[in-house]
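Here is the structure we will look at, set down as structure tokens.
The values are calculated or read from the model by the stated rules, or taken from the named source; none is laboratory data. This structure is a prediction, so every number in the text was calculated from the model and none was measured. In this analysis, Cβ positions are derived from the backbone assuming ideal geometry, glycine residues included, and neighbour counts consider all displayed protein chains.
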């Protein structure tokens, strides 16, 4: 999380990273939003801007998630409504301050906001960041994010941070006529990284219906 105090110390610019699945909608409220590219099932959403713009963006994201949950329950037999869940990506060096001595800080955040907060014990693959999962109502999530931001501002990351970068989903490999192919959309593309030794593997036939 990058911080910059403007003249007078009244405004703070934050950078917060989120981990999301599937399509991500951009919300613009004075915050700059960047969504990682690629064919990954997971996307890193980076939100940068003044604190008020950050919280407005989080509010819209949480409300949109709640709308999606309500829509999915319209024709569902499930009676209990699942909570809205967001996953922050936080440098591991800041997680100790977020948890607090004996878990005191994270307990305080849970009790004061009504949100559930879980800090992953392991770092995300090939990075020095951890996932922080927040669940609850949109209002509880916003209050929780505000408190987490205060902790992050008071305890900047220590040392270099290696950011988490989701890996693309591996495409299935098809063997036909001694050649390896991968599927991209409706096309089979030659795969150059598979050796002839793999030609003995079972052949997978794929049909595309137009």
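Descriptive notes on the structure:
- Any hit, the range 118-133, residues being part of a strand (DSSP E or B), under 19 Å from the mean Cα position of the chain (by Cα) and under 14 Å from residue 62 (Cβ atoms): yes
- Test: residue in the range 74-84 that is touching a helix residue (DSSP H, G or I) at 6+ places or on another chain (Cβ under 6 Å), buried (at least 18 other Cβ atoms within 10 Å of the Cβ) and closer than 30 Å to residue 167 by Cα: yes
- For the residues 18, 14, 63, the requirement of being modelled with pLDDT of 85 or more and in contact with a helix residue (DSSP H, G or I) (Cβ under 7 Å, 6 or more places away or on another chain) singles out 63.
- Filter pass, residue 81 being outside any helix (DSSP H, G or I) and at pLDDT 75 or above: yes
- Screening residue 54 with (1) at pLDDT 85 or above; (2) touching a strand residue (DSSP E or B) at 6+ places or on another chain (Cβ under 9 Å) gives one miss only, at (1).
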